[in-house]
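No value in this document is a laboratory result; all are computed from the given coordinates. All of these numbers come straight from a predicted model, not from anything done at the bench. Cβ coordinates were reconstructed from backbone atoms using ideal geometry, including for glycine residues, and neighbour counts include every protein chain displayed.
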Amino acid sequence: MKPIVTWVVVANTRAARVYAHLGPGKGLAAVNDQNWRAPEVSMPRDKAGVGHSISGPAVSAVSQTDPQELADTRFAKRIAEDLAKARHGKTFDRLILISGPHMMGLLRAHLDGSLSAVLIGEIPKDLSAQPLREIESQLGALLAV
């Protein structure tokens with residue numbers, strides 16, 4: 001009988017990694033080819049300005065987007081796309097997300113239907129700097145680690 005493979009994604013806005021759970025009592029094992037690093041973001045030096053129109057009393061302004069927020073969104077999208085490819089390849093059966101609230105929201109926004117269908121739980125905590133034992137202890141309500 002084929003084991004039910006659960007992938008546990010531990011992420012923050014700078015890095016993400018995947019651990020596999022193959023059944024009760026087997027713990028978590030790192031999935032070596034499923035690690036991501038966010039690219040460095042260059043922050044603008046100046047704020048957007050306001051200019052006066054040469055044709056009259058009108059004022060124009062340049063809106064500025066937050067480069068860090070854009071980078072975080074792109075990073076979450078890349079993770080979700082790679083997870084979707086792995087899911088379509090039947091690499092895993094179930095999914096658990098662990099990340100801080102900000103990154104959790106970004107990941108949720110980019111999950112496609114196939115990932116949402118296999119998502120069995122979320123832990124809205126940033127455990128990315130924690131040892132594997134701590135991550136396993138947090139999974140008690142979702143998995144028999």
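In terms of the mean number of neighbouring beta-carbon atoms within 10 Å, the peptides 67-77, 125-135 order highest first as 67-77, 125-135. In sequence order, segment 132-142 has phi-based couplings of 4, 4, 5, 4, 4, 5, 6, 8, x, 6, 9 Hz under the Karplus curve 6.51 cos²θ - 1.76 cosθ + 1.60, θ = phi - 60°, and Gly or Pro positions carry x.
The slack between Asp112 and Lys77, meaning 0.36 nm per residue of separation minus the straight C-alpha distance, is 11.6 nm.
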